[in-house]
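The values are calculated or read from the model by the stated rules, or taken from the named source; none is laboratory data. Owing to the predicted nature of the structure, the values given are computational and were not obtained by experimental measurement. All Cβ positions, glycine included, derive from the backbone under ideal geometry; neighbour counts span all protein chains shown. Heads up: the accessible areas ignore ligands, DNA and RNA and are worked out on the full protein's heavy atoms, side chains in. Shrake-Rupley method; radii C 1.70, N 1.55, O 1.52, S 1.80 Å.
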Amino acid sequence: MSEDKFTLETVLSVKRWSSNLFSFRMTRPAHFRFTAGQFARIGIDVDGEMVVRAYSVVSSPFEETLEFFSIVVPDGAFTSRLQYLKEGDQIYLEKIPYGFLTLARYQQPLPQDLWLLATGTGVAPFISMLQDFATWQNYRHIVLAYSVRIPDELAYVDKIGEIQSMFAEEDASFTFLPIVTRDPLAKLNQRLPKLILSGELESAADLKLKADRSHVMLCGNPQMVEDTKEALKSIGLTMNRRGEGNIAVENYW
Ligand SMILES: Cc1cc2nc3c(=O)[nH]c(=O)nc-3n(C[C@H](O)[C@H](O)[C@H](O)COP(=O)(O)OP(=O)(O)OC[C@H]3O[C@@H](n4cnc5c(N)ncnc54)[C@H](O)[C@@H]3O)c2cc1C
């Protein structure tokens, strides 16, 4: 891997959400331009070798710094080291961003209702999109459903509240639906595919999933992505290909 594809950036802050989740902010070089929803490739030195992983950008394209949200996989080559990241550390950033989980991919149907469905760290690209004025100008209704196993894993809830008070209502309505699958007392505690098939997700959002008006983005756990895709197809939605169709996905592994 050639290191001239990367720049070396400085970690500005680290925030720990739980034992296995943290976020970090780092410097953003002027050349690193991205669209909300895209991911960066970041690298660290592990025993003299650069290990690189894909990370969705959490921060908006208009911010001066870059923020990322990370899981800790205890035996993961990357995150078992990354978890010790601290202010002042250096991290490699590939010069160009990647990915097609962006709102620009949708041509038909025209934007009306946007459903952002995430598990775990898969909420990252959606936090970026929700901080982009264009998202609020283009859609009439926006729903963010964010599924985790236990309440401690619900990161960014305050940020989502801030986003809601800053952007929602003027142009589009916003519904935030936290889902906690291992909490029997949570308002929503079933997996996303089940919530779709039972109609509970639509009831909670007070909005219908419809082929002629819904854009649905799925991000995170590949099993969730696969099962949710099938659930959506069974109620008449289609995969977005060459701009047409409802469903766009990003698998994290
Ligand atoms: C397009 C894209 C964007 C991504 N964005 C993010 C992001 O914003 N934040 C993030 O934490 N990860 C993200 N990932 C996953 C990330 O690239 C790494 O897989 C993750 O950092 C773990 O690296 P690792 O070397 O420690 O473990 P790996 O060897 O890469 O993974 C080991 C195992 O850990 C599990 N795993 C990996 N990633 C996750 C995860 N995010 N949540 C839960 N379990 C996981 C899987 O079971 C996987 O098989 C993204 C992946 C892709 C393809």
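A few comments on the model shown:
So that you can scan it fast, the table gives a plain yes or no per residue for (1) modelled with pLDDT of 95 or more; (2) under 17 Å from the mean Cα position of the chain (by Cα); (3) part of a helix (DSSP H, G or I):
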| residue | (1), (2), (3) |
| --- | --- |
| 123 | yes, yes, yes |
| 136 | no, yes, yes |
| 144 | yes, yes, no |
| 159 | yes, yes, yes |
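Matching residues to (1) aliphatic (A, V, I, L, M); (2) buried (at least 16 other Cβ atoms within 10 Å of the Cβ):
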| site | (1), (2) |
| --- | --- |
| 13 | no, no |
| 65 | no, no |
| 78 | no, yes |
| 82 | yes, yes |
| 101 | yes, yes |
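- Residue 238 being assigned by TED's automatic domain parsing to the domain that holds residue 148, at pLDDT 95 or above and in contact with a Pro (Cβ under 7 Å, 6 or more places away or on another chain): no
- Residues of segment 241-253 that are in a strand (DSSP E or B) and either in the same structural domain as residue 72 (by TED's automatic domain parsing) or within 16 Å of the ligand (Cβ to nearest atom) (or both): 248, 249, 250, 251.
- Residue in segment 202-221 that is open to solvent by less than 10 Å² (accessible area, probe 1.4 Å), among the small types (Gly, Ala, Ser) and within 16 Å of the ligand (Cβ to nearest atom) present: yes
- Selection count where residues are more than 21 Å from residue 57 (Cβ to Cβ) and open to solvent by less than 10 Å² (accessible area, probe 1.4 Å), scope segment 225-239: 4
- Matching residues in segment 161-203 - criterion: being in a helix (DSSP H, G or I) and over 17 Å from residue 116 (Cα atoms): 162, 165, 166
- Whenever a residue of segment 66-92 is not assigned by TED's automatic domain parsing to the domain that holds residue 129 and of a type in the set (D, E, K, R), its partners that are at pLDDT below 95 and more than 6 Å from the ligand (Cβ to nearest atom), lying with C-beta atoms within less than 6 angstrom and at least six residues away or across chains, give the pairs 81/46.
- Flag for residue 216 being of a type in the set (Val, Ile, Thr) and more than 21 Å from residue 173 (Cβ to Cβ): no
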